[in-house]
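Asker: If you scroll down you'll find the structure; I have some questions about it.
The values are calculated or read from the model by the stated rules, or taken from the named source; none is laboratory data. The model shown is predicted, which means the values in this text are computed figures rather than measured ones. In this analysis, Cβ positions are derived from the backbone assuming ideal geometry, glycine residues included, and neighbour counts consider all displayed protein chains. Ligands, DNA and RNA are stripped out before the accessible areas are found, and what is left, the full protein with its side chains, is counted by its heavy atoms. Shrake-Rupley method; radii C 1.70, N 1.55, O 1.52, S 1.80 Å.
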Amino acid sequence: MSSLRDGKKLVRSPSGLRMVPENEAFYSPFSLDEPQWVPDKECPRCMQCDAKFDFIIRKHHCRRCGRCFCDKCCSKKVPLPRMCFVDPVRQCAECGLISQKEMEFYDKQLKVLMNGATFLVSWESSEKSEKTVCRLSNNHRSLFLDGENHYEVEFSRISSVQILTDGFTPGEKDIHTYTSLLESPYIIEGGNSRATGMLILYGTAGKEEQQQLKLTATDDYNGNRKLSVTWLSAMHKAVKLMYESRDQ
């Protein structure tokens with residue numbers, strides 16, 4: 001039986017059925033809150049094509065942005081896992097395209113992160129590197145690092161990531177925080193053979209100083225390095241989604 005911490009409950013909102021954590025403190029760091037719908041009285045026309053609403057042209061709200069549209073401009077139902085919807089929900093064309101692109105993360109990259117990959121891991125306070133399997137926890141809230149010892153990093157406390165690449169010495173300007181991460185040329189979705197590792201800066205409860213963790217891509221126990229490079233790409237996307245969630 002699931003504990004209260006990891007338990008889920010089914011709730012009905014104006015937008016549809018959602019499967020959400022019983023404890024709000026344990027939402028996924030990638031999740032988005034439902035938007036406030038634009039009041040009906042404030043949108044006499046479609047906010048896309050400007051068609052006037054009447055008995056024939058009915059108004060519909062996009063479940064992702066909350067704006068008003070006619071059926072023609074908001075007819076498609078698209079999965080929206082970032083808001084925990086059980087079924088695909090009505091979205092405008094712009095939001096639907098964004099949600100479809102995010103499905104690659106939920107269908108592929110999230111599984112890569114949770115399956116884990118092998119890295120040489122070193123901490124700022126030590127020069128020693130340890131071969132470690134890094135993976136995202138099932139509730140997406142922690143990075144688990146399992147080598148000689150077990151460590152956990154709370155995902156929501158990650159403040160910046162820095163991509164390490166072949167033949168490139170990153171400087172201070174290459175630390176990918178909030179905005180610069182979104183346009184990073186060093187890792188692209190789907191993987192990039194230039195990526196060799198990642199520096200992660202994160203906070204810990206009860207401490208003011210930030211901690212630094214270095215992941216270096218290495219061969220796994222089957223002699224395969226490709227998995228760790230793919231994991232870095234997925235991690236890059238995950239941090240981007242987390243920053244977007246913080247800024248909503």
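Asker: When residues of segment 77-86 are filtered for being in a loop (DSSP other than H, G, I, E, B) and among the β-branched types (Val, Ile, Thr), how many remain?
Answerer: Narrowing segment 77-86 to residues in a loop (DSSP other than H, G, I, E, B): 79-80, 84, 86.
Then drop every residue that is not among the β-branched types (Val, Ile, Thr), which leaves 86.
Number of matching residues: 1.
Asker: Just a yes or no: is a residue in segment 136-143 hydrophobic (A, V, I, L, M, F, W, C), in contact (Cβ under 8 Å) with a residue 12 or more places away in the chain and open to solvent by 50 Å² or more (accessible area, probe 1.4 Å)? It would help to see each step written out before you state the result.
Answerer: At the first step, the residues of segment 136-143 found to be hydrophobic (A, V, I, L, M, F, W, C) are 136, 143.
Checking the rest, the ones that are also in contact (Cβ under 8 Å) with a residue 12 or more places away in the chain come to 136, 143.
Pick out the ones that are also open to solvent by 50 Å² or more (accessible area, probe 1.4 Å) and you get none.
Within segment 136-143, none of the residues are hydrophobic (A, V, I, L, M, F, W, C), in contact (Cβ under 8 Å) with a residue 12 or more places away in the chain and open to solvent by 50 Å² or more (accessible area, probe 1.4 Å).
Asker: For segment 144-170, how many residues meet the condition of being β-branched (Val, Ile, Thr), surrounded by fewer than 16 Cβ atoms within 10 Å (Cβ to Cβ) and either touching a Gly at 6+ places or on another chain (Cβ under 9 Å) or at pLDDT 90 or above (or both)?
Answerer: Start the filter on segment 144-170 by keeping residues that are β-branched (Val, Ile, Thr), which leaves 153, 158, 161, 163, 165, 169.
Subsequent filtering for residues that are surrounded by fewer than 16 Cβ atoms within 10 Å (Cβ to Cβ) retains 169.
Next, from what is left, pick out any that are either touching a Gly at 6+ places or on another chain (Cβ under 9 Å) or at pLDDT 90 or above (or both): none.
Looking only at that region, the number is 0.
Asker: Here are Arg82, Arg90, Arg58, Arg64: which of them is touching a residue at least 12 places away in the same chain (Cβ under 8 Å), in contact with a strand residue (DSSP E or B) (Cβ under 9 Å, 6 or more places away or on another chain) and under 23 Å from Ala238 (Cα atoms)?
Answerer: Working: Arg82 fails: in contact with a strand residue (DSSP E or B) (Cβ under 9 Å, 6 or more places away or on another chain); Arg90 fails: under 23 Å from Ala238 (Cα atoms); Arg58 fails: under 23 Å from Ala238 (Cα atoms).
Going through Arg82, Arg90, Arg58, Arg64 in turn, the sole match is Arg64.
Per-residue answers, yes or no, for (1) small (Gly, Ala, Ser); (2) more than 25 Å from Gln109 (Cβ to Cβ); (3) touching a Phe, Trp or Tyr at 6+ places or on another chain (Cβ under 8 Å); (4) open to solvent by 90 Å² or more (accessible area, probe 1.4 Å):
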position	(1), (2), (3), (4)
Pro35	no, no, no, no
Asp40	no, yes, no, no
Ala51	yes, yes, no, no
Lys72	no, yes, no, yes
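Asker: Counting only residues that are out of contact with any helix residue (DSSP H, G or I) (no Cβ under 8 Å at 6 or more places or on another chain) and polar (S, T, N, Q), which one in segment 143-159 is farthest from Met198 (Cα to Cα)?
Answerer: First pass over segment 143-159, keeping only residues out of contact with any helix residue (DSSP H, G or I) (no Cβ under 8 Å at 6 or more places or on another chain): 144-154, 157, 159.
Cutting the leftovers down to polar (S, T, N, Q) gives us 149, 159.
On the way: Asn149: 20, Ser159: 13 Å.
Out of the qualifying residues, it is Asn149.
Asker: Among the residues that make up segment 87-110, is at least one of them within 19 Å of Glu34 (Cβ to Cβ), open to solvent by 10 Å² or more (accessible area, probe 1.4 Å) and in a loop (DSSP other than H, G, I, E, B)?
Answerer: Yes, because at least one residue in segment 87-110 is within 19 Å of Glu34 (Cβ to Cβ), open to solvent by 10 Å² or more (accessible area, probe 1.4 Å) and in a loop (DSSP other than H, G, I, E, B).
Asker: Right, here's the next one. Quick check on segment 41-73: of everything there that is of a type in the set (D, E, K, R) and either more than 32 Å from the chain's Cα centre (by Cα) or part of a strand (DSSP E or B) (or both), which residue is nearest to Arg90 (Cα to Cα)? Give the derivation first.
Answerer: Kept after step one, since they are of a type in the set (D, E, K, R), are these residues of segment 41-73: 41-42, 45, 50, 52, 54, 58-59, 63-64, 67, 71-72.
So of that shortlist, the ones also either more than 32 Å from the chain's Cα centre (by Cα) or part of a strand (DSSP E or B) (or both) come out as 41-42, 45, 50, 52, 54, 58-59.
Details: Lys41: 20, Glu42: 20, Arg45: 18, Asp50: 19, Lys52: 20, Asp54: 20, Arg58: 14, Lys59: 12 Å.
Among those that are of a type in the set (D, E, K, R) and either more than 32 Å from the chain's Cα centre (by Cα) or part of a strand (DSSP E or B) (or both), it is Lys59.
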